[in-house]
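Each remark here refers to the structure printed beneath this line.
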Amino acid sequence: MSALNRIRKYVLACSLGLAVVAMAVVGLMMLTITYDVVVRFTFSAPTDWAFPLNAAGVLVSTSLAVPYLYAKGQHISMDLVHRALPGGARRGADVVTAAATAFLGLILSVTAFRSMGVAIEGGLTGSGTFSIPLWIPDAVLFLTGALLTLVALLFPPGGTGGEKSTEPSTEDAAAGPGDRPASAGEGEPNR
């Protein structure tokens with residue numbers, strides 16, 4: 001295994017770890033929203049902490065998942081337009097996408113780092129019972145931006161370091177459904 005592939009593997013593992021944290025945050029948000037709805041309508045006692053806590057949760061869960069989704073090619077994209085482009089234009093679009101993503105990650109990490117310094121120095125906190133220190137979401141954005149920059153540089157959209165594409169090859173597309181071997185789980189009924 002080459003050094004670049006080891007780095008890719010480590011960065012992918014780090015981004016997967018952040019995506020798992022994002023999933024846990026979504027689960028916690030579901031619990032806090034459920035609690036808020038139940039006490040609001042059952043006891044007429046809305047919480048003052050649910051909205052700011054869940055607003056921070058949306059930011060954290062969304063931003064932490066982005067590097068992994070980009071590395072795996074699962075982010076929102078314009079597939080119909082991209083597939084319609086000729087090969088050279090498609091590679092050019094991939095380069096522009098990777099450069100824009102790396103630039104976004106760099107800008108995000110620099111601005112979040114500066115904002116984090118201001119929040120720490122000023123002792124800034126959010127509203128509500130918990131008064132979340134504002135440097136915490138800034139730290140999440142800094143980490144996300146730095147990892148997104150690395151992912152954009154290490155995992156180009158056209159090829160992700162030797163991983164097999166999930167799109168069918170031209171031979172698979174030309175063959176009928178019965179002509180190609182079924183992959184794991186394919187053709188099995190949903191349970």
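If I take every Cα pair under 8 Å that is 6 or more residues apart in region 41-154, average their sequence separation and divide by the length, what percent do I get for the relative contact order?
Answer for region 41-154 is 38 percent.
Between S131 and R91, how high is the FRET efficiency from 1/(1 + (r/R0)^6) when r is the Cβ-Cβ distance and R₀ = 30 Å? Nearest 0.05.
Approximately 0.05, to the nearest 0.05.
I'd like the Karplus ³J(HN,Hα) series for region 4-19: coefficients 6.51, -1.76, 1.60, θ = phi - 60°, whole numbers in Hz, and an x wherever there's a Gly or Pro.
Once rounded to whole Hz, the list reads 5, 5, 5, 4, 4, 4, 5, 5, 5, 5, 5, 5, 5, x, 5, 5.
Between T125 and residues 5 or more places away or on another chain, which pairs have amide H atoms under 5 Å apart, with H built 1.01 Å from N, and which residues are they?
L134
Over region 29-128, give the accessible area per residue in Å² for a 1.4 Å probe, as an integer.
65
Among T32, A13, V58, pick out the residue whose Cα is farthest towards the positive end of the charge dipole of region 1-82, where Lys and Arg carry +1 and Asp and Glu carry -1 on C-beta, about the Cα centre.
Final value for the positive-end residue is A13.
What is the packing order of peptides 115-124, 83-92, 9-18, taking the mean over residues of other C-beta atoms within 10 Å and listing the highest first?
Peptide ranking by packing, descending: 9-18, 115-124, 83-92.
The values are calculated or read from the model by the stated rules, or taken from the named source; none is laboratory data. As the structure is a prediction and not an experimental result, all values here were calculated from the model. Cβ: placed from backbone, ideal geometry, glycine included. Neighbour counts: every protein chain shown. Accessible surface is based on the protein model in full, side chains and every heavy atom, while ligands, DNA and RNA are left aside. Shrake-Rupley method; radii C 1.70, N 1.55, O 1.52, S 1.80 Å.
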